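Here is the structure we will look at, set down as structure tokens.
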Amino acid sequence: MTPAEPTLRTAAPLPAQQGDQRAPVYPLTETPESAWSHTGGRRRTWVSRAVLLAVLALQAALSLRLSNTAFQDEALYLTAGHAELDHLLHGAPAPRHYAGYFSGSPQLYPVLAALVDTRFGLHGARLLSLCFMLGATGLLYSFTRRLFNERTGLAAAALFAVLQSTVVMGYFATYDAPAVFLLALAAWIVVRTARAPAPAVLLAAPVMVLAVGVKYAAGLYLPTLVALALLTAWPGRGAKALLRPLLLVAATGVLVALGILGTDLLAGVQQTTTDRAHGTDAAALLLGRSAEWGGPMFLTAVGGAVSYARHGRLHESPTAWRLGGPGRRRRALLGLLLCGTALLAPAYQVHLGTVVSLFKHVGFGLLFAAPMAGIGLTRLVGAHFRHPQLGIALWTATVCLGISQADGRFANWPNSTGMVRTIASEVNDHGLYLSSTPEVPVYYLRDRTSHDRWRSVFGMDYTNPSGHWFTGDDAYRAAVRDGAFDVVVLDGFTNQRVDRVITASMRDNPHYRLLAHLGAAAPGEDRGHHRYRIWVKH
């Protein structure tokens with residue numbers, strides 16, 4: 001006979017004696033299967049906040065190290081904001097019809113930026129953009145944490161914070177920073193209300209419409225927000241989740257219709273967005289630039305999406321499968337939605353054939369791809385930080401690219417300090433002036449001149465004293481020949497072809513003398529090909 005195998009028996013608790021009120025000795029609490037991803041804890045919360053604060057501090061430092069005088073777009077929007085303020089507050093004559101050609105409502109961001117500029121100058125207006133971009137990064141962390149977990153949220157924020165688009169828009173007084181912030185806020189509301197009653201998603205509608213009002217191109221990302229409302233609610237509500245995107249579409253459509261009917265913005269939307277003239281930039285150039293400015297993070301996001309679709313578990317405990325999670329189909333759709341959104345701006349600008357503003361618009365799409373990039377980075381590092389060197393290498397490469405690209409971007413236009421100082425005594429509100437970038441002198445000398453007194457190098461009509469009408473290059477030649485301009489300022493950079501036409505007309509011209517030939521770089525800077533040439537009328 002084989003000996004009986006030993007068996008394990010659980011001792012039954014001793015019956016309590018009547019009248020015995022003693023509590024059981026050594027009570028055992030339930031042990032969670034996953035500590036980092038699925039349980040609360042004050043220590044984890046504070047560690048996450050500390051890391052996020054460090055990420056935001058780095059983002060702010062990278063933006064604040066940039067330096068140059070006002071770019072022409074910044075100067076234009078701030079000047080328009082001041083004109084709108086004078087019209088609203090002091091009854092000044094209505095400003096130029098900015099709504100007809102601005103890429104966002106002139107009554108929204110320009111007015112806000114002008115209020116800040118009045119008190120704190122260009123630096124203050126740029127700090128306003130920095131606040132918006134820091135807010136966008138914080139919201140990105142928050143809604144990524146709710147979609148996945150803290151570690152993924154921190155990784156997403158750390159990658160997004162050092163992109164060229166993020167760094168530049170954080171110190172650039174244009175529409176882009178508030179538009180990105182509003183899109184991030186709308187995404188946060190959509191994710192935050194996923195488990196709330198369906199009408200709660202309507203809170204996102206006015207934010208989405210405001211984002212489009214601030215910058216019309218933000219409308220490209222509204223379908224993503226609508227689809228996100230469905231995917232985030234589906235696991236908990238099933239088919240009932242279809243009500244959320246329907247409500248969101250209806251509310252957004254009503255608000256957009258009211259905005260169009262109540263204002264004259266439709267012409268601006270058509271001219272700058274839907275019916276914008278096509279350029280001549282090749283698709284290969286645009287795709288190459290898109291890959292250069294956002295390729296590493298996009299590839300990380302694609303890797304994260306593929307990995308997430310195959311293996312949904314985001315926590316480190318191998319025995320925590322019982323915690324459940326979204327199904328493979330929903331995971332794949334979420335990854336496809338977020339990564340596909342990053343392709344919208346490059347695809348649209350390939351359609352338009354222009355590279356203008358592409359470096360900023362790439363960042364709009366990467367805001368949505370960032371959560372998947374966060375998964376990609378955490379999967380690269382591995383559970384329990386098994387391969388931290390891989391994550392550090394990827395993030396360091398992203399930082400280096402972001403810094404070098406942002407520095408190059410801010411060195412891409414001339415420093416106008418010397419030019420403004422030189423022409424200040426030559427400008428008044430009665431003369432007629434020609435400049436490569438008239439927005440810049442108008443912004444810095446707005447107490448002496450107005451936009452209506454300036455002409456640019458991007459097309460002009462001219463009628464001479466004899467009544468003959470000229471357009472295009474002939475208009476510049478005829479106006480210079482007749483001495484129509486009191487000051488001519490060329491930078492040799494903005495439109496080099498027209499610069500050559502005007503310069504040739506200046507040779508042996510009895511009406512003008514060369515006042516200055518300035519190196520546009522500030523002390524210690526090297527902007528070799530940027531040179532201001534300034535002619536004044538005899």
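Counting only residues 5 or more places away or on other chains, whose amide H sits under 5 Å from the amide H of Thr463 once H atoms are built in the peptide plane?
Amide H neighbours of Thr463, under 5 Å, 5+ apart: Phe470.
If you stretched the chain out fully between Val501 and Asp473, how much longer would it get, using 0.36 nm times the residue separation minus the C-alpha to C-alpha distance?
My answer for the length gained is 9.4 nm.
Share of antiparallel DSSP beta bridges in the stretch 417-537, in percent to the nearest 5? Before the final figure, lay out each step's value.
On the way: 14 of 19 bridges.
Around 75 percent of the beta bridges assigned by DSSP in the stretch 417-537 are antiparallel ones.
Given R₀ = 30 Å, what would the calculated FRET efficiency be for Arg44 paired with Arg310, taking r from the Cβ atoms and rounding to 0.05?
0.65
Checking the a/c ratio against 1.5 first, then a/b against b/c, what shape does the Cα gyration tensor give for the stretch 417-537?
prolate
Using the Cα centre of the stretch 417-537 as the reference point, and only Cβ charges (+1 on K/R, -1 on D/E), how large is the resulting charge dipole? Debye, rounded to the nearest 20.
Here the stretch 417-537 has a charge dipole of around 260 debye.
So how much slack lies between His430 and Leu112, counting 0.36 nm per residue of separation and subtracting their Cα-Cα distance, in nm?
Numbers: separation 318, 0.36 × 318 = 114.48 nm, distance 2.92 nm.
Extending this stretch completely gives an extra 111.6 nm.
Find which of Phe410, Ile423, Ala345 sits farthest along the positive direction of the dipole of the stretch 331-432, computed with +1 on the beta-carbon of Lys and Arg, -1 on that of Asp and Glu, about the Cα centre.
Toward the positive end, the furthest listed residue is Ala345.
Rule-based calculations on the coordinates, nothing more; no lab input. Note that this is a predicted model, so its numbers are computed, not measured. Cβ coordinates were reconstructed from backbone atoms using ideal geometry, including for glycine residues, and neighbour counts include every protein chain displayed.
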